[in-house]
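S.K.: Right, I'll just put the structure down here and ask away after.
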Amino acid sequence: MGKAAKLQSQCAGKGGAIHFDDLHPCYSNHEARVEADRCYFCYDAPCMNACPTSIDIPLFIRQISTDNPKGAAKTIFEQNIMGGICARVCPTETLCEEACVRNDAEEKPVKIGHLQRFATDFFMDNVAAHPYERAASTGKKIAIVGAGPAGLACAHALSKEGHDVTVFEAREKSGGLNEYGIAAYKAVDDFAQKEVNFILDLGGISIENGKTLGRDMTLEDLSNSYDAVFLGMGLGGVQSLGLVGEEHPRVIDAARYIEDLRQASAKEELPQAKSVLVIGGGMTAVDVAIQSKLLGAEQVTIAYRRGQEQMNASSYEQELAQTHGVQISTWLQPKTILSDGDQLEGMVFNKTKLDGGKLVATDDEVTLSADLIFKAIGQNFITEPVTIDMALELESDRIKVDGNCKTNAKNIWAGGDCVAGGEDLTVASVEDGKIAAKNIHEFLSA
């Protein structure tokens, strides 16, 4: 049975209920040892240089090869306390694994992401004690807005130094995109919450859920009440196609659908269709397209305005979509949404091309039928909560920060997707949280 057919069969549970099993189940001990033995343990390893959090990859793989997964996990956590989720969702194929020298020898890198998951899962499943202890209390208080990867990484690093951290999270659950934005087949068994609890086991961190900046408190309030503030609230706005009829109930925001799918107790109750059209070219587009196929859609098409090589989704993600039977149609720009009352019929596109390096729409049109359309064209940052009272400096409609993730305000830092240049990667957000925490600690210790 092929991977797509296998996943499709795993999607349907007892009594017609829908669930998703792991895309890549965790290695067994034997599988991990065999794969670890493929590593050359390079000096000045290129895979380590390619990791945004600078995990000592050769060291943790050597520790696995010598039957020390606990030590391997500690090596990972030293640089990335969220190494468990990153092992599941990080695009290793374009980062550490793309840099692996095994590619030159046999065009097959060491499966670093799989090995990282093996080690971190072993630790979280088998070791009761947290890998770190807090330093003596400093009496300093830090407020963090957002319990996503950047906020949690920052909170953990600051708590290790003995500071007291309060995290304000707008949603009812913590975890950010790890909880609400990851495809259901990539993070199963409530792993995001398991990792949140693992981080909180350090102590010194409290999370207040259901608290929104701008509604329940202001940035000025936090700045005055706490010794330092870190903003890691991600992106809350949704990009628009700008088309008439976009408000049709069968034209749905892909990120919101993924969120609803992850949180739904009865997934079969979510909107489903025989023919699905996904607008966009990133990982969210791929995620919602694959999940649509797993939910039973007969025809799923991703429509992107440029060529396939320009898609933000990696070549691996694109191949994964095509393996599941998703069609990728390129050089198409949305023009008109077709509907008849409550019945969605599809979309008309203009074909596009490059003219002097600039993307332009031609007069040629293509019509694709669909009874459900997903918008996966990105999100934007809602600036009002950070500009009304404190007037944080912005760049490209996101928070402007320096190399230490410091804003223009005296005691406010920011990181993750809400800052200018944010990379929309969990691992990059974790690194921002680490960088900010280091600079905040230096600021508080001066």
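The values are calculated or read from the model by the stated rules, or taken from the named source; none is laboratory data. If you're wondering where the values come from, they're calculated on a predicted model, not measured in any experiment. Every residue, glycine as well, gets a Cβ built from its backbone with ideal geometry; the counts of neighbours run over all protein chains shown. The protein model used for the area step is the full one, side chains on, heavy atoms only, and it has no ligands, DNA or RNA in it. Shrake-Rupley method; radii C 1.70, N 1.55, O 1.52, S 1.80 Å.
S.K.: Quickly work out the E31-to-V360 label distance, labels modelled 7 Å from Cα along the C-beta direction, and quote it in nm with one decimal.
M.R.: Between V360 and E31, the simple spin-label model gives 5.2 nm.
S.K.: Mind checking which helices in the chain clear 20 Å along their axis (Cα) and have mean Kyte-Doolittle hydropathy of -0.5 or more, DSSP H runs only? Present the calculation step by step, with values, prior to reporting the outcome.
M.R.: Values: long enough: 112-126 (21 Å, -0.16); 426-445 (28 Å, 0.08).
Within the chain the helices that satisfy the rule are 112-126, 426-445.
S.K.: Then there is this: To the nearest 10 square angstrom, what accessible area does M233 show with a 1.4 Å probe?
M.R.: In the full protein context, M233 sits at about 60 Å².
S.K.: OK, next. Per DSSP helix of 4 or more residues, -39500 (n - 2.57); summed, then divided by the residues of the chain. What does that give at 222 nm, rounded to the nearest 500?
M.R.: Mean residue ellipticity, 222 nm, calculated: -10000 deg cm²/dmol.
S.K.: When the Karplus curve 6.51 cos²θ - 1.76 cosθ + 1.60 is applied with θ = phi - 60°, which whole-Hz ³J(HN,Hα) does each residue of region 296-311 get, with x for Gly and Pro?
M.R.: x, 5, 7, 10, 10, 10, 9, 10, 10, 7, 10, x, 5, 6, 8, 5
S.K.: On to the next question. Could you please put L219, L359 in sequence from largest to smallest accessible area, using a 1.4 Å probe?
M.R.: L359, L219
S.K.: Then there's this: Return the Rg/Rh ratio of the chain with Cα-based radii and a Kirkwood Rh.
M.R.: Reported Rg/Rh, Kirkwood definition of Rh: 0.97.
S.K.: Of the beta bridges DSSP finds with both residues in the chain, what % are antiparallel, to the nearest 5?
M.R.: 40
S.K.: Which order do K274, K293, K335 take when ranked by solvent-accessible area (1.4 Å probe, heavy atoms of all protein chains), largest first?
M.R.: I get K274, K335, K293, largest accessible area first.
S.K.: While we're on this one: I'd like the accessible area for L354: 1.4 Å probe, protein heavy atoms, all chains in place, Å² to the nearest 10.
M.R.: 90
S.K.: Given the protein chains as shown and a 1.4 Å probe, how many square angstrom of E345 are accessible, to the nearest 10?
M.R.: Answer for E345: close to 90 Å² accessible.
S.K.: Can you compute 3J(HN,Hα) from phi for each residue in region 400-410, using the Karplus curve 6.51 cos²θ - 1.76 cosθ + 1.60 with θ = phi - 60°, rounded to whole Hz and x for Gly and Pro?
M.R.: Each residue of region 400-410 in turn: 7, 9, 8, x, 9, 6, 8, 8, 6, 7, 4 Hz.
S.K.: Still on this structure, I have one more. Just to check I understand the Karplus step: with θ = phi - 60° and J = 6.51 cos²θ - 1.76 cosθ + 1.60, what whole-Hz values come out for region 239-245, glycine and proline as x?
M.R.: 5, 10, 6, x, 10, 5, x
S.K.: Also: Leaving ligands, DNA and RNA out of it, rank S28, S429 by accessible area with a 1.4 Å probe, largest first. Before the final figure, lay out the partial values.
M.R.: Details: S28 50, S429 10 Å².
Result, largest first: S28, S429.
S.K.: Taking the Cβ of M233 as the center, what net charge do the other residues with Cβ under 13 Å away carry, scoring Lys and Arg +1 and Asp and Glu -1? Numbers along the way, then the final one.
M.R.: Details: positive: R171, K211, R215, R398; negative: E169, D216, E384, D417, D432.
Local net charge: -1.
S.K.: Which whole-number percent gives the relative contact order of the chain, counting Cα pairs below 8 Å spaced six or more residues apart?
M.R.: RCO, the chain: 17 percent.
S.K.: OK, next. Using only the Cα atoms, work out Rg/Rh for region 68-130, with Rh taken as the Kirkwood radius, to two decimals. Write out the running numbers ahead of the final one.
M.R.: Numbers: Rg = 12.6 Å, Rh = 12.2 Å.
Value, to two decimals: 1.03.
S.K.: Determine the sum of side-chain charges near G203: Lys and Arg each +1, Asp and Glu each -1, restricted to other residues whose C-beta is under 11 angstrom from that of G203.
M.R.: Residues close to G203 contribute a combined charge of -1.
S.K.: Still on this structure, I have one more. By the scheme Lys and Arg +1, Asp and Glu -1, what is the net charge of all other residues having a beta-carbon under 14 Å from that of H441?
M.R.: Neighbour charge sum, excluding H441 itself: +3.
S.K.: Counting only residues 5 or more places away or on other chains, whose amide H sits under 5 Å from the amide H of F374 once H atoms are built in the peptide plane?
M.R.: I252, L277, V278, I279
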